[in-house]
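Report on the structure given below.
The values are calculated or read from the model by the stated rules, or taken from the named source; none is laboratory data. Just so we're clear, the structure is a prediction, and the values are computed from it rather than from any experiment. Neighbour counts are summed over all protein chains in view; Cβ atoms, including those assigned to glycine, are modelled from backbone coordinates with ideal geometry.
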């Protein structure tokens, strides 16, 4: 039985009608070339770029995972959302290099800076990362939302979770495959507006039901409102007690996002994601100029400050409503009979607020926002995946392929990625939480990419051998950790011998392991590069700061003015204000 009223359904259907109309308009645009299909002909304006970046990022992991983390860990994961400054790095530091090179993909840029082999390795890593994170997580979250909104649906033996997952894939896949990147970007811009309005309403009505902001702080307590968690929570007892007792590596083990990991590891993941990931950067590549790309990045950074208040706070509100007994229906879902929080059920925090707190009509608008986020997130990754596969693999194998063939292969690649993502869902279901799972996998795969891009731009002496060595080393370390972790999540009774090497690897907090990967990759890249011949600097002209020409510098400087500078300063001040408020 659905919890949605007639008015809710009218609003939802109206939303889908508008989305279909926008997508249809995009499909009518000419897509004769690969540039038209994969980069919207490089004609996107700053508003569409910024809104599209935000909508692509604010997807299933936020609606389901981030709100769930708010219910379990408070504002601990707000660090990731306050990484809006990374988008400023994209706009001011990385965009000039990307726009100057006129590339389709991030691996293609790496080829120009280092070698074709580096491009191939990064393409493989990126595609694997999309399957393990964005595609599978998007499908999984869609299922969770449908299971809460329409729990009694059953079709051909499939429950509401699987029906919802498949519906989200089909609806998103249709306009992504037909309309290409133009359809993705313009529908995301519209979905951003719906998403923000709907999420703000969830926060407003949730606080109203609870009794206000002060009431939320009283129930959640200082700990949940503190961004900086201790290395080892006082009084914590966990499976690593034997190691703690022997005094060996005790500080490595913690499951509550300690401040060391957040301060040093989280920025690495943030800079990789916002500045080098095809999924995000593709929006700026669709800009007609460096100026529009930078403005879009700054606009996205401003929007990126919202999730703390429209996703994490609603998760905390849901927890407070349950803990205080203000809403017994939510309490029965989140807490067991002994009054303990059921962490797995916390993933339902956001949709629970939608179903139990919002009035009819408003509920329909918010559900439309939920679906908007789910669809925009998947649409973005579908298009990014097809772009990577087509431009970095197929076009190199078949260099004489026609433009229409490239578009057709891109569509086929989307379907292949979806199937693999569906097969990976059981691993996510066995994890600690959706957002925890996502950050964990990204933390294992991001460091080598971060190292080769940023070190490569700032150090002209680094060469292709150093790049390849760093990528292979980091990727190997990340896959090793995933291989160690996966059996624990898939098999309920599986465990490693207490104190063994594999047990220690599995229990090292993921952020600390990520830092280890980053340090090792940096050392490997520098050592190998300086032990081998220097690159031909004339071939990497304009691709590092040390090889920029005076013409490059003047062109970049001419692309920005006081508006861009003041807007960037405003974003930084707002980030500082948030850190001050949520620091105990």
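Name the pairs: first residue in the range 506-523 and farther than 12 Å from residue 477 by Cα, second residue surrounded by fewer than 21 Cβ atoms within 10 Å (Cβ to Cβ) and at pLDDT 95 or above, Cβ to Cβ under 7 Å, at least 6 apart or on different chains?
So the pair list comes out as 522/455.
Confirm whether residue 474 is crowded, with 24+ Cβ neighbours inside 10 Å, part of a helix (DSSP H, G or I) and free of Cβ contacts under 8 Å to residues at least 40 places away in the same chain.
no
Just for the range 16-42: of the residues that are within 30 Å of residue 305 (Cβ to Cβ) and surrounded by fewer than 16 Cβ atoms within 10 Å (Cβ to Cβ), which one is modelled with the lowest pLDDT?
Looking at residues that are within 30 Å of residue 305 (Cβ to Cβ) and surrounded by fewer than 16 Cβ atoms within 10 Å (Cβ to Cβ), I get 16.
Please pick out the residue among 12, 3 that is assigned to a loop (DSSP other than H, G, I, E, B) and either modelled with pLDDT under 85 or out of contact with any helix residue (DSSP H, G or I) (no Cβ under 6 Å at 6 or more places or on another chain) (or both).
Result of the check over 12, 3: 3.
Look at residue 299 and say whether it is within 26 Å of residue 451 (Cβ to Cβ) and either at pLDDT below 85 or surrounded by fewer than 24 Cβ atoms within 10 Å (Cβ to Cβ) (or both).
no
Consider residue 445 against the criteria (1) within 19 Å of the chain's Cα centre (by Cα); (2) crowded, with 24+ Cβ neighbours inside 10 Å; (3) more than 26 Å from residue 141 (Cβ to Cβ): it satisfies all of them except one. Which criterion is unmet?
(3)
State whether one or more residues within the range 126-143 are touching a helix residue (DSSP H, G or I) at 6+ places or on another chain (Cβ under 9 Å), more than 25 Å from residue 444 (Cα to Cα), surrounded by 21 or more Cβ atoms within 10 Å (Cβ to Cβ) and modelled with pLDDT under 90.
Checking the range 126-143: at least one residue is touching a helix residue (DSSP H, G or I) at 6+ places or on another chain (Cβ under 9 Å), more than 25 Å from residue 444 (Cα to Cα), surrounded by 21 or more Cβ atoms within 10 Å (Cβ to Cβ) and modelled with pLDDT under 90.
Determine which single condition residue 535 fails, assuming it passes every other condition in (1) more than 25 Å from the chain's Cα centre (by Cα); (2) assigned to a helix (DSSP H, G or I); (3) surrounded by 15 or more Cβ atoms within 10 Å (Cβ to Cβ).
(2)
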